[in-house]
Amino acid sequence: MVRIAVLVSGGGTNLQALIDAQAAGKIPGGVLAAVIASKPGAYALERAEKAGIPGYVIPRSDYASSRDMTIALTQKLKELEIDLVVLAGFMTILTREITDAYPNAILNVHPALIPSFCGQGYYGLKVHAEALQYGVKLTGATVHFVSEDCDGGPIVLQKAVEIREGDTPEVLQRRVMEQAEWVILPKAVALFCQGRLRVDGRIVHIAET
């Protein structure tokens with residue numbers, strides 16, 4: 001059984017999508033074993049408690065640098081015997097210590113179709129505001145493996161979402177979550193847990209069942 005840790009910083013809507021998928025039997029071979037927040041009081045911890053998932057806090061503010069925090073986080077993941085790490089609205093920059101410890105075993109969901117509107121500084125509403133300002137007709141979400149390059153790891157799944165006349169960043173954010181993020185993140189986690197993902201350079205191959 002693949003033990004999964006979900007890293008969060010806020011409300012945990014993507015965590016909830018994973019909780020719902022697990023409850024529906026849609027993550028065969030995997031179990032949500034831990035939720036780790038980067039700050040106390042994150043609502044995602046309440047979601048974890050309601051679902052019976054152990055919750056932990058490793059506050060970014062307790063550490064002098066991102067590297068120090070990453071080392072502590074990685075040690076905790078190893079203590080918990082975690083096999084797969086999922087970043088679900090985790091707002092802390094992590095350093096190479098965690099990618100070295102979990103090569104091609106960290107998944108992140110990004111609210112755009114990478115390589116558009118991604119990289120350093122592109123998170124939250126800014127991603128959707130930039131998409132609207134640029135005038136693209138399609139946006140969406142991407143699940144990718146985490147590498148040392150911000151939003152630069154191999155892409156696992158993508159799903160497009162149409163931009164509509166009159167969209168605001170807030171309206172678009174909600175549609176991207178509902179139509180893309182909450183769909184492809186549980187699916188990518190399930191594929192990993194079933195051993196169906198194979199990484200070849202930048203290409204992720206998905207084995208048929």
Single unsatisfied condition, Gln194 versus (1) in contact (Cβ under 8 Å) with a residue 24 or more places away in the chain; (2) exposed (fewer than 13 other Cβ atoms within 10 Å of the Cβ): (2)
Hits in the range 122-154 (condition: more than 18 Å from Met177 (Cα to Cα) and either among the hydroxyl-bearing types (Ser, Thr, Tyr) or open to solvent by 20 Å² or more (accessible area, probe 1.4 Å) (or both)): Gln133, Tyr134, Gly135, Val146, Ser147, Glu148, Asp149, Cys150, Gly152
Take the range 42-86 and flag every residue that is open to solvent by less than 20 Å² (accessible area, probe 1.4 Å) and assigned to a strand (DSSP E or B). Leu84, Val85, Val86
Could you tell me which residue of the range 155-209 is farthest from Val109 (Cα to Cα), considering only residues that are small (Gly, Ala, Ser) and over 15 Å from the mean Cα position of the chain (by Cα)? Gly166
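The values are calculated or read from the model by the stated rules, or taken from the named source; none is laboratory data. If you're wondering where the values come from, they're calculated on a predicted model, not measured in any experiment. Glycine also receives a Cβ, built like all others from the backbone with ideal geometry; neighbour counts cover every protein chain displayed. Note: accessible area is taken over every heavy atom of the protein model, side chains too, but ligands, DNA and RNA are not part of it. Shrake-Rupley method; radii C 1.70, N 1.55, O 1.52, S 1.80 Å.
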